[in-house]
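A.B. asks: Can you keep this structure in mind? I'll have questions shortly.
The values are calculated or read from the model by the stated rules, or taken from the named source; none is laboratory data. Remember, it's a predicted structure, so these values are computed and weren't measured experimentally. Ideal geometry is used to build each Cβ from the backbone, glycine not excepted, and the neighbour counts take in all protein chains shown.
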């Protein structure tokens, strides 16, 4: 394989250019609280599609990373992570795909933290085309240090934010509860 071709191919695997653009645009926008809904927009590109000429389900999850990154920049979490040498981790997700996204469709993505517990942040994200919901994901995310998971309360305090005052939505709590019954490690080999 030609060396230059390999570089181009690997750039399409993860959207590094979109990530850089998202970070730069987010730094120029007004600050948000981590509990406020953030909105970003982008298009479905030819390298995002599958054999059926629609947005690939795996790429959808990768693009949801961009929405969480944008919110993290706007609420100051990225600065807090850098100051404390912390990282981010996704520890679970539940996805619904309901409407196809076609090449060149303009996508509006919404991201918001909807709950926390003693270990995790829970973020709801959705993709919309022409005002119609296409997919949504519930993400269980955490902040990590060399010592392990950092409690959301410690992250919130370090960020100068206020704790989420609302109760965990029932549908989020039911997902959290159902995950407790799922075997780990997996039972099938």
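A.B. asks: Any residue at all in segment 39-59 that's closer than 28 Å to residue 148 by Cβ, touching a residue at least 40 places away in the same chain (Cβ under 8 Å), in contact with a strand residue (DSSP E or B) (Cβ under 9 Å, 6 or more places away or on another chain) and not in a helix (DSSP H, G or I)?
C.D. replies: no
A.B. asks: Let me ask you something else. Looking only at segment 1-32, how many residues end up being modelled with pLDDT under 70, over 18 Å from residue 62 (Cα atoms) and in a helix (DSSP H, G or I)?
C.D. replies: 5
A.B. asks: Looking at 154, 180, 147, 162, can you tell me which residue is over 17 Å from the mean Cα position of the chain (by Cα), over 21 Å from residue 38 (Cα atoms) and surrounded by 11 or more Cβ atoms within 10 Å (Cβ to Cβ)?
C.D. replies: Testing whether each residue is over 17 Å from the mean Cα position of the chain (by Cα), over 21 Å from residue 38 (Cα atoms) and surrounded by 11 or more Cβ atoms within 10 Å (Cβ to Cβ) leaves just 154.
A.B. asks: Looking at residue 62 and the list (1) surrounded by 15 or more Cβ atoms within 10 Å (Cβ to Cβ); (2) at pLDDT 95 or above, which single condition is not satisfied?
C.D. replies: Every condition holds for residue 62 apart from (2).
A.B. asks: May I pose another question? Which residue, of 101, 73, is in contact with a helix residue (DSSP H, G or I) (Cβ under 6 Å, 6 or more places away or on another chain), modelled with pLDDT of 95 or more and farther than 29 Å from residue 182 by Cα?
C.D. replies: The conditions single out 73.
A.B. asks: Here's something else I'd like to know. If you check residue 119 against the conditions, is it at pLDDT 95 or above, assigned to a loop (DSSP other than H, G, I, E, B) and on the phi < 0 side of the Ramachandran plot?
C.D. replies: Here the answer is yes, as residue 119 does meet what is asked.
A.B. asks: Out of all the residues in segment 122-144, is one or more over 22 Å from residue 67 (Cβ atoms) and either assigned to a strand (DSSP E or B) or free of Cβ contacts under 8 Å to residues at least 40 places away in the same chain (or both)?
C.D. replies: No: zero hits.
A.B. asks: Being in a strand (DSSP E or B), touching a strand residue (DSSP E or B) at 6+ places or on another chain (Cβ under 8 Å), crowded, with 16+ Cβ neighbours inside 10 Å and at pLDDT 95 or above is the requirement here; does residue 91 meet it?
C.D. replies: It is false that residue 91 is in a strand (DSSP E or B), touching a strand residue (DSSP E or B) at 6+ places or on another chain (Cβ under 8 Å), crowded, with 16+ Cβ neighbours inside 10 Å and at pLDDT 95 or above.
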